[in-house]
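Written out below as structure tokens is the structure these notes cover.
The values are calculated or read from the model by the stated rules, or taken from the named source; none is laboratory data. Predicted model, so just to flag it, every value in this text is computed and none were measured. FYI the Cβ positions are ideal-geometry reconstructions off the backbone, even for glycines, and counts take in every protein chain you see.
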Amino acid sequence: MDVRAKQRLSFGVVLFPLACVLAVSPRVNSAVGRLMCAAHNEQIAFYQRIKIMPSILKLALLDKYKEYGVIFIRLIIGFHLVYGTQDNVFSYARMQEFAGFLSVRGVPVPLFSAFLSAYAQFICGTLFILGAATRYAAAVMIVNFIVALVIAHIGDTYPNTFPALMMLSAACFFLLHGAGKLSVDAALERRRKQA
């Protein structure tokens with residue numbers, strides 16, 4: 001319940017006894033008292049409807065499927081990682097451009113670092129899509145995107161930093177949560193329990 005609703009409720013609770021006294025008092029215009037009582041009754045009906053609404057809005061029937069929600073995050077994050085690095089993985093010229101970008105920023109052994117980062121993102125993106133070795137891939141991506149934020153995004157604007165922050169946040173989520181039910185990890189865990 002928001003603050004304004006609480007204020008209206010407390011105001012109505014205070015005024016209700018006064019309104020009832022006014023409604024039965026012969027000296028005071030009874031129409032005013034009845035109007036205030038009616039307003040209070042309407043307010044009580046409103047709050048009773050609000051109490052019912054959260055049970056409807058909870059959508060509790062979806063609780064049993066919440067573990068499947070992870071797949072949507074895995075697919076978009078994995079796709080983004082694969083899409084963003086496939087040009088470096090499949091084109092040596094693009095990999096050299098990435099190495100030049102790293103060299104300008106003072107990264108030691110820029111060509112090796114370019115290969116390491118691009119292939120790590122490509123492989124981990126594929127693992128995220130499959131839901132295989134998800135926590136290990138997430139640990140690698142946490143390190144990768146912390147380094148990316150330090151090397152390329154310190155002092156950068158938020159919109160330019162957002163993709164790296166999003167990848168870092170998703171990797172932290174995968175590290176803590178795992179891949180979810182629709183994944184290779186979950187299938188292997190089920191097989192391990194059956195054996």
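Look at region 81-95: where a residue is outside the structural domain of residue 120 (by TED's automatic domain parsing), no partner that is at pLDDT 95 or above and outside any helix (DSSP H, G or I) sits 6+ places away or on another chain with Cβ atoms under 6 Å. Every test in (1) assigned to a helix (DSSP H, G or I); (2) within 19 Å of the chain's Cα centre (by Cα); (3) surrounded by 15 or more Cβ atoms within 10 Å (Cβ to Cβ) is passed by residue 163 save one, and that test is (3). Of all residues assigned to region 174-190, at least one qualifies as being over 29 Å from residue 100 (Cα atoms), among the basic types (Lys, Arg) and buried (at least 17 other Cβ atoms within 10 Å of the Cβ).
When we screen 179, 195 for residues that are in the same structural domain as residue 70 (by TED's automatic domain parsing) and either free of Cβ contacts under 8 Å to residues at least 40 places away in the same chain or on the phi < 0 side of the Ramachandran plot (or both), the only hit is 179.
Yes/no per residue for (1) among the aromatic types (Phe, Trp, Tyr); (2) in a helix (DSSP H, G or I); (3) at pLDDT 95 or above:
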{"residue": "43", "(1), (2), (3)": "no, yes, no"}
{"residue": "47", "(1), (2), (3)": "yes, yes, no"}
{"residue": "56", "(1), (2), (3)": "no, yes, no"}
{"residue": "64", "(1), (2), (3)": "no, yes, no"}
{"residue": "95", "(1), (2), (3)": "no, yes, yes"}
{"residue": "117", "(1), (2), (3)": "no, yes, yes"}
{"residue": "125", "(1), (2), (3)": "no, yes, yes"}
